[in-house]
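> Below is one structure. I have some questions about it.
The values are calculated or read from the model by the stated rules, or taken from the named source; none is laboratory data. Just so it is clear, the model here is predicted, and its values are computed rather than measured. A quick note on method: Cβ atoms are made from the backbone with ideal geometry, for glycine too, and the neighbour counts reach across all protein chains shown.
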Amino acid sequence: MNELQLRDAKATLSAVIDKARAGAPTVITRHGKPAAVVISFEEWQRLSHVPSLGRLLMAAPLAPDDLPARNQGALRDPDA
């Protein structure tokens with residue numbers, strides 16, 4: 001992964017974008033600390049459409065017998 005200071009990234013923005021489109025992201029630093037990452041639009045789309053764990057679980061193909069029966073006993077004492 002490439003790393004550039006902000007002023008250098010400004011001066012070579014076209015090259016930074018070309019590298020991102022070729023699959024090489026660039027970390028942009030400000031005052032020596034990472035501030036941003038330039039990635040391709042395709043990579044950004046791929047990363048932004050990752051489903052949440054809840055959606056994955058809700059989409060799981062479960063049959064009614066796959067889950068155990070709920071315990072109908074008394075609630076536990078949280079202070080015990």
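> Return the pair list, or none, for Cβ contacts closer than 8 Å from residues in the stretch 10-21 that are touching a residue at least 12 places away in the same chain (Cβ under 8 Å) and surrounded by fewer than 12 Cβ atoms within 10 Å (Cβ to Cβ) to residues that are outside any helix (DSSP H, G or I) and of a type in the set (Lys, Arg), at least 6 apart or on different chains.
Close Cβ pairs (under 8 Å, with a partner that is outside any helix (DSSP H, G or I) and of a type in the set (Lys, Arg)) do not exist here.
> Any residue in the stretch 39-58 that is of a type in the set (A, V, I, L, M) sitting within a Cβ distance under 7 Å of a residue that is assigned to a helix (DSSP H, G or I)? List the pairs, counting only those 6 or more apart or interchain.
Note: pairs meeting the criteria are Ile39/Ala20.
> Pick from Pro68, Pro64, Pro78, Pro25: which is on the phi < 0 side of the Ramachandran plot and surrounded by 10 or more Cβ atoms within 10 Å (Cβ to Cβ)? Reasoning before the result, please.
Values: Pro68 fails: surrounded by 10 or more Cβ atoms within 10 Å (Cβ to Cβ); Pro64 fails: surrounded by 10 or more Cβ atoms within 10 Å (Cβ to Cβ); Pro78 fails: surrounded by 10 or more Cβ atoms within 10 Å (Cβ to Cβ).
Within the list Pro68, Pro64, Pro78, Pro25, the selection yields Pro25.
> If you don't mind, another one. So how many residues does the stretch 37-55 have that are outside any helix (DSSP H, G or I), of a type outside the set (Ser, Thr, Tyr) and within 14 Å of the chain's Cα centre (by Cα)?
Total meeting the criteria: 5.
> Can you report the number of residues in the stretch 1-44 which are in contact with a strand residue (DSSP E or B) (Cβ under 8 Å, 6 or more places away or on another chain) and of a type in the set (A, V, I, L, M, F, W, C)?
14
> Another question, if that's okay. All but one of (1) within 19 Å of the chain's Cα centre (by Cα); (2) among the aliphatic types (A, V, I, L, M); (3) at pLDDT below 95 hold for Ile28; which doesn't?
Among (1) within 19 Å of the chain's Cα centre (by Cα); (2) among the aliphatic types (A, V, I, L, M); (3) at pLDDT below 95, Ile28 violates only (3).
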